[in-house]
Amino acid sequence: MLNKQTKPASWQLGLLVCLRVARAAPIILSATGFAFCGGTAFAAEIKDPPRWTKGSDFSSLKDWNLKAEQIVPHGVNPLYYPITPGHKHALERPDHPDGKYRKETVVLNTTEDFDIRDIGKFKTAVVQEEEYLDGVLTQRTLSWLALDKATNNVHSFGHVSWKIEDGKPSFTGTWRAGDPDGDGVAEPGLLMPGTFKVGERYVFAGSRSTAYGGAENMEAGLQATVPAGTFKGCVRVREQGLINLKEINDKIWCPEAGLVSDTSDGKLIISNALPSSNPASNDSSIGKLRDKPAKQKSAAAKITAENAKKIALQRVPGKVTDIVIERKKGRNVYVVEIQTDSREVDVFVDTQTGEVVGTD
């Protein structure tokens, strides 16, 4: 998963929705964000402890036999969304603590060149993700994906991301397979195997210093109902951060449509991979928020930065190392970064009331 520098606008991945059900039981996901099993509704947050804690618990590049002549930038995996130029889909999460959240994904008509030792030269697709809060573009990421045509596995080779403020991008982070990474070299990740087997585990992001995580195939044969429709033959994949073990995310993938539910990003509302008879196949709204950006309305802070520091230190004693104003939990807050004796803590102080509305 991504560390603090490169997390998407849902900063979060502790803001996640949980599907706690027996492996053999069917799941129906409602559009409200709850999982129902045997008549019981489960709250939308994953609090499970990490099932695995080390990179060695997951398969990785050494196990996949990746060769350049097998890697193609575009194609279709049975469970992944189509990695073909022009594919578009969007997920929304109205209950996001920072506001109404929307992520729009577009496969661009461009490719990215790679030359990785022991793999060779090949091209990847470029996939754009844009994230919005309350209708305002806040994050843009370009990811590099490709398929292994020998296995139909979808692999990730890195990404680059920008934070958007007042319509202007500022670089927030990147990782790229084959580039130096700490004491080693960043490796590709596996996003979706061509053949889904429950219990299989694999590294999905291979930068040990920036974006490092493993995925586990949890369930198969599920039915999911989201705003874009009802889908059968779906699977559940749990993603586990290996830099921050508390970052746990469940995703539901369905044939042809791909990702329909993500505990971090919400539920599928639009996909042009759907049949034209489905109203959710109309992708005309994708890009409109970016093309006509809304003005961010930030009321002048009534609490000074110095007072916010004092309030934060009363909650978490230590040394203040940074303070910025951001949109969190539906409010404008000071994010006060405090270094304690054992760790770094962010305290969120409301700019209008001085109330501490959370910590991270």
**Q.** Exclusive hit being open to solvent by less than 90 Å² (accessible area, probe 1.4 Å), at pLDDT 90 or above and not acidic (Asp, Glu), set Ala294, Ala280, Ala300
**A.** Ala280
Q) Could you list, in sequence order, the residues of the range 234-257 that are in contact with a strand residue (DSSP E or B) (Cβ under 7 Å, 6 or more places away or on another chain) and not hydrophobic (A, V, I, L, M, F, W, C)? A) Arg236, Arg238, Glu239, Gln240, Gly241, Glu247, Asn249, Asp250, Lys251, Pro255
Q: Test Asp134 against the criterion of being more than 16 Å from the chain's Cα centre (by Cα) and in contact (Cβ under 8 Å) with a residue 60 or more places away in the chain, and give yes or no.
A: yes
Q) Residue check: is Lys197 closer than 25 Å to Pro73 by Cα, over 21 Å from the mean Cα position of the chain (by Cα) and without any contact (Cβ under 8 Å) to a residue 24 or more places away in the chain? A) yes
Q: Tell me, please, whether a residue that is in a loop (DSSP other than H, G, I, E, B), more than 20 Å from the chain's Cα centre (by Cα) and within 30 Å of Val349 (Cβ to Cβ) can be found in the range 274-294.
A: yes
(Q) For Ala220, only one of the following conditions fails: (1) hydrophobic (A, V, I, L, M, F, W, C); (2) over 17 Å from His89 (Cα atoms); (3) open to solvent by less than 20 Å² (accessible area, probe 1.4 Å); (4) more than 18 Å from the chain's Cα centre (by Cα). What is its number? (A) (3)
Q.
Tell me whether the range 244-258 contains one or more residues that are among the hydrophobic types (A, V, I, L, M, F, W, C), touching a Phe, Trp or Tyr at 6+ places or on another chain (Cβ under 7 Å) and part of a loop (DSSP other than H, G, I, E, B).
A. yes
Q) For the subset of the range 330-360 comprising residues that are in contact (Cβ under 8 Å) with a residue 12 or more places away in the chain and of a type in the set (Ser, Thr, Tyr), which member is nearest to Arg93 (Cα to Cα)? A) Thr359
Q) Tell me, which residue of the range 43-88 that is assigned to a loop (DSSP other than H, G, I, E, B) and hydrophobic (A, V, I, L, M, F, W, C) is nearest to Phe114 (Cα to Cα)? A) Leu66
Q: Considering only the range 91-121, state which residues are in contact with a Lys or Arg (Cβ under 6 Å, 6 or more places away or on another chain) and of a type in the set (A, V, I, L, M).
A: Leu91, Val106
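The values are calculated or read from the model by the stated rules, or taken from the named source; none is laboratory data. Bear in mind the structure is a predicted one, so any value in this text is a computation, not a measurement. Because the Cβ atoms are built from the backbone with ideal geometry, glycine has one as well, and the counts that use them run over all protein chains shown. Accessible surface areas use protein heavy atoms only, side chains included; no ligands, DNA or RNA. Shrake-Rupley method; radii C 1.70, N 1.55, O 1.52, S 1.80 Å.
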